[in-house]
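Read-outs: derived from the displayed coordinates by stated rules, not from any lab. Please read these numbers as outputs of a predicted model, since none were measured by experiment. Virtual Cβ from ideal backbone geometry, glycine too; neighbours counted across all protein chains shown.
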């Protein structure tokens with residue numbers, strides 16, 4: 001079961017990290033548009049639409065990734081003081097009553113919006129020759145499906161925690177640096193660091 005949980009976490013992480021590159025493309029596009037508009041006096045009518053599409057896609061496709069890292073905003077004023085079983089019980093109730101119905105509605109409605117958009121070859125009406133929107137609206141059901149799968153995994157985590165009394169492990173983007181292990185690898189002792197600190201202080205005082 002733990003392998004299944006971590007596998008879905010890895011898939012959500014891969015998708016989130018892949019779409020995170022949109023922020024780089026968005027930064028370059030905005031920078032070019034500002035330069036083109038104010039220096040070359042050649043603004044592009046489609047730039048605003050593309051900014052919304054790129055950022056909206058990034059925001060939606062990062063939802064499952066954020067959920068897999070327990071990164072969504074929560075009120076920890078009291079929650080953090082509870083035992084893991086109590087936390088898991090609260091999460092389980094909230095997932096079943098609010099999260100899952102909302103995500104199912106998002107996925108269903110998103111599919112409807114996307115299907116209609118493809119059927120009418122929908123384009124943005126902000127400008128006369130706006131970019132197509134059917135690709136963008138297709139992101140809605142895809143993002144909802146990703147959240148739905150990750151939500152099921154989080155529900156399973158809650159059940160495991162209620163049974164075992166502790167949260168199952170998660171995949172992390174960045175491993176914490178083990179300072180003691182790092183010292184052993186480079187053969188450095190605390191005394192060496194203290195001596196180096198004193199030398200730096202002494203040299204700084206003699207300047």
Length-normalised contact order of region 2-175 in % [C-alpha pairs under 8 Å, at least 6 apart] | 32
Equivalent ellipsoid semi-axes - Cα gyration tensor, region 32-126, angstrom | 40, 21, 8
Theoretical FRET efficiency, 1/(1+(r/R0)^6), r = Cβ-Cβ of residue 159 and residue 125, R0 45 Å, to 0.05 | 0.45
Virtual spin-label span in nm between residue 72 and residue 34, 7 Å along Cα→Cβ | 3.3
Which FRET efficiency value, to the nearest 0.05, do you get for residue 170 and residue 108 by plugging their Cβ-Cβ distance into 1/(1 + (r/R0)^6) with R0 = 22 Å?
-> 0.15
Any idea how far the Cα center of region 129-147 sits from the one of region 61-128, in Å?
-> 15
Working note, region 2-175: Cα radius of gyration (Å, one decimal) and Dmax (Å, whole number) are 19.9, 65
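Between residue 52 and residue 4, take the C-beta separation as r, use R0 = 30 Å, and let me know the FRET efficiency to the nearest 0.05.
On the way: r = 36 Å, r/R0 = 1.21.
E(calc), rounded to 0.05, equals 0.25.
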